[in-house]
1. Which residues, counting only those in the stretch 167-203, are in contact with a helix residue (DSSP H, G or I) (Cβ under 8 Å, 6 or more places away or on another chain) and part of a loop (DSSP other than H, G, I, E, B)?
2. In the stretch 154-166, what residues are assigned to a loop (DSSP other than H, G, I, E, B) and open to solvent by 60 Å² or more (accessible area, probe 1.4 Å)?
3. Which one of the conditions (1) open to solvent by 20 Å² or more (accessible area, probe 1.4 Å); (2) closer than 30 Å to residue 147 by Cβ; (3) in contact (Cβ under 8 Å) with a residue 24 or more places away in the chain; (4) not hydrophobic (A, V, I, L, M, F, W, C) does residue 16 fail to meet, given that it meets all the rest?
4. Looking only at residues that are outside any helix (DSSP H, G or I) and open to solvent by less than 40 Å² (accessible area, probe 1.4 Å) in the stretch 142-153, which one is farthest from residue 58 (Cα to Cα)?
5. When residue 101 is evaluated against the numbered criteria (1) open to solvent by 70 Å² or more (accessible area, probe 1.4 Å); (2) under 30 Å from residue 45 (Cβ atoms); (3) not acidic (Asp, Glu), which criterion, by number, is the only one it fails?
6. Search the stretch 169-180 for residues that are more than 13 Å from residue 29 (Cα to Cα) and pair each with any residue that is open to solvent by less than 70 Å² (accessible area, probe 1.4 Å) and of a type outside the set (A, V, I, L, M, F, W, C) when their beta-carbon atoms are under 9 Å apart and the residues are at least 6 apart or on different chains.
7. Any idea which of (1) closer than 19 Å to residue 195 by Cα; (2) without any contact (Cβ under 8 Å) to a residue 12 or more places away in the chain is the one residue 107 doesn't satisfy?
8. Hey, can you tell me all the residues within the stretch 67-85 that are touching a Ser or Thr at 6+ places or on another chain (Cβ under 9 Å) and loosely packed, with under 15 Cβ neighbours inside 10 Å?
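The values are calculated or read from the model by the stated rules, or taken from the named source; none is laboratory data. Treat the numbers as computed from the prediction; the structure is a model and nothing was measured. Every residue, glycine as well, gets a Cβ built from its backbone with ideal geometry; the counts of neighbours run over all protein chains shown. Ligands, DNA and RNA are excluded from the accessible area calculation, which covers all protein heavy atoms including side chains. Shrake-Rupley method; radii C 1.70, N 1.55, O 1.52, S 1.80 Å.
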Amino acid sequence: MHDLLADRSLLQALGKGATIINHATGDPAEAENFERITEELGVHFLDAPVSGGRPGAEARSLTCFVGGRAEALDASRPVIECHSTHIVSMGPVGSGQMAKLCNNALTVSNLRNIVEVFAMAEKLGVSLAGLRDAFEHSSGGSFILQALGTTVTAGNAAHIAELNRTDVDEFAAAMRRSGVDPTAVQEWAIKGPDGLEALVQRLQ
């Protein structure tokens, strides 16, 4: 993205008043730098990472965390609504990325909660499949719990676990660059992916 924008030819071709929407997840500071580059030529920039995964994309029901100018978002809503049913303004450019990183950290923290609680329940002879089914309809439910055994399977659990670790590391790095200490969340969440493969196996 940086090389594409730094070339300036794309921005010049778009012309003043155009808007670039970046749906990738990345560094909030990098998004701020992208905006500085685009504004030099009068082009708006929105950092707009999404959540919902492949199922959400196929159903066009993603959640979009948007950082950028309100007028640029308002003009871009018809485009974003093609794939996202929840479009939330988070503030200036960079805040969309930070919100997505927080979302990822919370998801992986919830995974750690599930791994720990399910391990205790299993020791007491409680049905893990039964817990998952019950929690989907109770206050103990979560997005990651619903994904276990459905979108997260024995075949892709190792890959998902690696992505989860990357999510936590990116969250922690962004927080530290912003002067916020993420240690408590990072130390808890990073162990969640370690138990993902075994848990999915036990839920089958």
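1. Correct list: 178, 181, 182, 190, 191.
2. Within the stretch 154-166, the subset assigned to a loop (DSSP other than H, G, I, E, B) is 154-156.
If the condition is that a residue be assigned to a loop (DSSP other than H, G, I, E, B) and open to solvent by 60 Å² or more (accessible area, probe 1.4 Å), then 155 is the only one that fits.
3. Of the numbered conditions (1) open to solvent by 20 Å² or more (accessible area, probe 1.4 Å); (2) closer than 30 Å to residue 147 by Cβ; (3) in contact (Cβ under 8 Å) with a residue 24 or more places away in the chain; (4) not hydrophobic (A, V, I, L, M, F, W, C), the odd one out for residue 16 is (2).
4. Kept after step one, since they are outside any helix (DSSP H, G or I), are these residues of the stretch 142-153: 142, 148-153.
If we keep only those that are open to solvent by less than 40 Å² (accessible area, probe 1.4 Å) as well, we get 142, 148, 152.
Values: 142: 20, 148: 19, 152: 17 Å.
Looking at residues that are outside any helix (DSSP H, G or I) and open to solvent by less than 40 Å² (accessible area, probe 1.4 Å), I get 142.
5. (1)
6. 169/186; 172/182; 172/183; 172/186
7. Among (1) closer than 19 Å to residue 195 by Cα; (2) without any contact (Cβ under 8 Å) to a residue 12 or more places away in the chain, residue 107 violates only (2).
8. Selection gives 70, 79, 85.
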